[in-house]
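One structure below.
The values are calculated or read from the model by the stated rules, or taken from the named source; none is laboratory data. Note that the structure is predicted; figures quoted are calculated from it, not measured. Using ideal geometry, Cβ is built from the backbone for each residue, glycine included, and neighbour counts are taken over all protein chains shown. Note: accessible area is taken over every heavy atom of the protein model, side chains too, but ligands, DNA and RNA are not part of it. Shrake-Rupley method; radii C 1.70, N 1.55, O 1.52, S 1.80 Å.
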Amino acid sequence: MGDFKIGRRSLLAGSGAILSVMASGVRVQAQESVTALPDYVSWKDADALIVHSNSTIEMERSAFGTSAFTPEDRLYVRNNVAPPPASILDDRDAWEVSIDGVAEPRSLTLAELKTMGITTVAMVLQCSGNGRAYFEHEPSGTPWQVGAAGCVMWTGVPLRVVVDALGGAAEGMEYVTGTGGETLPEGLDPLTLLVERSVPLDALDDILLAWELNGEPISLAHGGPLRMVVPGFTGVNSVKYVTKVAMTAEQSPALIQQTRYRLQPVGEEGGPDHPSVWQMSVKSWITGPLDATQAGRVQVTGVAFGGTTNVASVEVSADDGQTWSTAEFIGPDLGKFAWRPFVAQMDLQPGTYRLVSRATDADGNQQPEQTEPNDPGYNHNGWRAPGIEIEVA
Amino acid sequence: MGKALFTQGAEPSCSICHTLADAETMGEIGPNLDTMRPDYDRVMRALVNGVGPMTPYDSLTDEELDALSHYVASATKADNVEP
């Protein structure tokens with residue numbers, strides 16, 4: 001049976017690769033249609049977004065600009081399963097979350113959480129699959145380019161404060177496990193659909209139970225009324241509509257934890273022995289100019305972040321990585337989980353250029369030229385593929 | 001054959017989770033296939049390897065997988081309806 005499987009897999013890899021890998025090696029899906037925004041995000045800025053499907057919506061590269069943070073109406077959307085009905089926002093303060101795996105487990109309302117403490121964290125929210133389009137083996141899933149990421153401010157109570165108020169984590173717990181409040185249909189194994197993610201207990205000091213995004217109550221699309229936000233980790237780990245947060249000895253038994261969001265080699269099925277998609281790595285990309293521009297002094301801009309640690313420096317190249325110049329950060333430093341917009345001032349003669357950027361984090365980790373492929377196409381941070389070709393006239 | 005597989009032949013049925021106008025299904029768990037417009041290869045990969053909550057449809061024959069992939073790509077007017 002295993003052989004049959006692998007046979008089918010490689011048969012597919014062969015047929016697909018020829019059709020849609022362009023000369024540059026960048027996979028661009030031609031069939032992405034220009035579709036209207038679905039109802040639950042109809043308030044978003046359609047001009048700034050690419051609708052891959054009703055549950056996967058990416059920000060246009062031209063919409064990043066040089067902002068230190070991303071407005072919610074431009075922020076990408078990705079739901080693993082359909083969101084719950086909007087009526088869950090009718091009485092936000094009445095939303096309940098149960099806290100388990102602590103000395104005194106109990107349920108708390110959002111109103112009560114708001115009395116316990118408050119803090120704001122600026123952080124890069126990035127889909128695990130951002131950059132999937134740049135993998136050449138055509139993984140399943142949305143072919144995100146750079147736009148499944150934004151830098152946003154979350155406001156809420158530190159989970160540590162809540163856990164301490166409930167007597168601290170119980171003995172022997174190793175993970176923080178958040179459970180999403182999506183409505184699951186009858187007749188299917190709930191573990192295949194349940195959005196329940198576990199992250200290492202070490203993250204406890206960074207996690208927020210958040211009710212505001214950029215100073216506004218969190219919309220349904222982004223997990224309101226309450227989201228468990230895990231700074232430095234990819235988006236899937238920040239559980240939306242969170243109904244339960246537990247300190248657990250084991251990782252969640254849900255499919256989304258056990259076999260999905262794993263970094264298995266190409267052609268293999270994911271499982272608990274493969275690394276989980278958790279912390280983000282150092283990454284950057286160019287945000288402008290994106291097309292034709294005038295010769296002379298050109299302001300080459302982009303965004304860069306370290307993931308779980310500060311980004312230390314960024315270099316920019318106009319010749320696809322043959323020579324590099326150092327970029328400068330612009331705007332305020334919003335902390336180690338945020339991104340930093342950057343600029344490199346370049347004097348460009350008429351001609352064709354390929355702009356790329358390469359960031360290094362405070363621990364000395366530098367973006368690789370290419371990311372080692374993993375079957376589902378997660379955690380892309382190679383510097384070459386997201387480059388931009390421009391004409392200077 | 002593709003449409004029948006979509007609405008009832010495949011187990012679990014695609015219709016529980018997906019909206020597809022041509023098949024008159026209204027599932028809301030997964031992406032709306034009419035807006036996604038997945039091409040043949042993308043449907044095939046999802047069925048063979050699984051994606052998200054979909055586990056691989058191992059019980060379908062190669063012919064059924066082909067029919068289903070062709071059907072979904074055609075019904076959503078994807079750019080590539082052939083392998």
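Taking the alpha-carbon distance from A:K283 and a cut-off under 23 Å, which lysines remain once sequence neighbours fewer than 8 residues away in the same chain are dropped?
Excluding near neighbours in sequence, the set is A:K336.
Would you mind pulling out the separation of the Cα centroids of segment A:200-227 and segment B:2-16, in Å?
37 Å
Restricting to DSSP loop positions (anything but H, G, I, E, B) with no more than 13 other Cβ atoms inside 10 Å of their own Cβ, which GluC sites (Glu not before Pro) remain in segment A:112-179?
Taking segment A:112-179 and a limit of 13 other Cβ atoms within 10 Å, the loop GluC sites (Glu not before Pro) found are A:E171.
Just to confirm my numbers, what's the Cα centroid distance between segment A:317-358 and segment B:41-67 in Å?
If we compute the Cα centre of each part, the gap is 42 Å.
If R₀ is 51 angstrom, what is the calculated FRET efficiency for the pair B:Q8 and A:M116, using the beta carbon separation as r and rounding to 0.05?
FRET efficiency, B:Q8 to A:M116: 0.50.
If you roll a 1.4 Å probe over the heavy atoms of the protein chains, what accessible area per residue do you get for chain A, in Å²?
39 Å²
Using Stokes-Einstein with the Kirkwood hydrodynamic radius over Cα pairs, what translational diffusion coefficient do you get for the protein assembly as shown at 37 °C and a viscosity of 0.692 mPa s, in µm²/s rounded to a whole number?
142 µm²/s
Under 15 Å Cα to Cα from A:K44, which aspartates and glutamates show up? Leave out anything in the same chain fewer than 8 places away.
Cross-link targets: A:E58, A:E60, A:E72, A:D73, A:E216.
Of A:T352, A:I256, A:A82, which is farthest along the charge dipole of chain A in the positive direction, counting Lys and Arg as +1 and Asp and Glu as -1 at C-beta?
A:T352
When the helix-only estimate is applied to chain A (DSSP H runs of n ≥ 4, each -39,500 (n - 2.57), divided by the residue count), what is the mean residue ellipticity at 222 nm, nearest 500 deg cm²/dmol?
That calculation yields -3000 deg cm²/dmol at 222 nm.
How tilted is helix A:2-20 with respect to the longest principal axis of chain A? Cα atoms for both, answer in degrees (0 to 90, nearest 10).
Taking the Cα atoms of chain A, the angle to A:2-20 is about 40 degrees.
Just to check I understand the Karplus step: with θ = phi - 60° and J = 6.51 cos²θ - 1.76 cosθ + 1.60, what whole-Hz values come out for segment A:253-270, glycine and proline as x?
Listing the rounded values in order: x, 5, 3, 4, 9, 6, 10, 8, 6, 10, 9, 8, x, 4, x, 9, 8, x Hz.
To the nearest hundred square angstrom, how large is the accessible surface buried between A and B, total for both chains, probe 1.4 angstrom?
Counting protein atoms only, the buried area is about 2800 Å².
Please compute the length gained on full extension between A:D319 and A:W43, using 0.36 nm multiplied by the number of residues separating them and subtracting their Cα-Cα distance.
Answer, rounded to one decimal: 95.4 nm.
Beyond 15 Å, what percent of the Cα pairs of segment B:2-75 remain?
Roughly 47 percent, rounded to a whole number.
So which lysines pass the test for B:K77, namely a Cα distance under 25 Å, with those fewer than 8 places away in the same chain ruled out?
Straight-distance partners of B:K77: B:K3.
Just flag the trypsin sites (Lys or Arg not before Pro) in segment B:1-50 sitting in loop per DSSP whose Cβ has no more than 15 other Cβ atoms within 10 Å.
Passing sites in segment B:1-50 do not exist.
Taking R0 as 25 Å, what FRET efficiency do you get between A:L191 and A:D90 from their Cβ-Cβ distance, rounded to the nearest 0.05?
0.30
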